[in-house]
Amino acid sequence: MTLDDLATGFIYTSEKTDTWRILDVSDLRGDCDDFACTALYIATGSLWSFWMALVFGSAKIHFVTTANGGGHAVLEYEGRYIDNWSRKYVTKHFMEDTYGHKFHKWQYPFWVTAIKMLLGKFKGA
């Protein structure tokens with residue numbers, strides 16, 4: 001799967017239980033954290049590299065408040081930002097100015113991503 005496949009095929013779907021997962025090209029329905037995880041997987045090329053990027057900090061999943069006050073996940077990878085609103089890598093300032101995203105100092109640590117992804121496996125998401 002390519003980033004273009006994700007960007008053009010992604011369909012936002014809310015979840016009853018907040019689980020995080022890497023989407024499959026055959027089913028690109030998910031929410032913002034699923035988009036972020038899938039974009040990182042595409043960028044890194046493997047599950048091992050996905051985890052190494054999160055553990056060692058070249059990738060971060062940020063908690064953001066949207067202009068309408070909702071919570072949102074944004075991927076930062078090697079200094080570039082992407083989410084299901086932009087669907088392409090942009091700057092942090094672009095997200096703030098264009099979408100009204102308010103970035104919090106808090107980021108999701110890699111272990112939170114791991115727990116949420118495990119929850120997705122057990123819940124069958």
query: Identify, please: which residue in region 79-115 is modelled with pLDDT under 95 and crowded, with 16+ Cβ neighbours inside 10 Å and is, among those, nearest to T65 (Cα to Cα)?
result: Q107
- request: Within region 19-32, identify whether any single residue is loosely packed, with under 14 Cβ neighbours inside 10 Å and part of a loop (DSSP other than H, G, I, E, B), and answer yes or no.
  value: yes
query: Where in region 49-114 are there strands (runs of 3 or more DSSP E), lying fully within it, with 1 or more residues that are among the acidic types (D, E)?
result: 71-77
message: Looking at the structure I just gave you, is K60 within 19 Å of H104 (Cα to Cα) and of a type in the set (K, R)?
response: yes
Tally, over region 19-48, of residues that are more than 24 Å from E78 (Cβ to Cβ) and in contact with a helix residue (DSSP H, G or I) (Cβ under 7 Å, 6 or more places away or on another chain): 1
query: Would a scan of region 80-89 turn up a residue that is under 22 Å from L119 (Cα atoms) and of a type in the set (A, V, I, L, M, F, W, C)?
result: no
Hey, T38 of a type in the set (V, I, T), in a helix (DSSP H, G or I) and exposed (fewer than 14 other Cβ atoms within 10 Å of the Cβ) or not: no
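The values are calculated or read from the model by the stated rules, or taken from the named source; none is laboratory data. All values derive from a computational prediction rather than experimental measurement. Ideal geometry is used to build each Cβ from the backbone, glycine not excepted, and the neighbour counts take in all protein chains shown.
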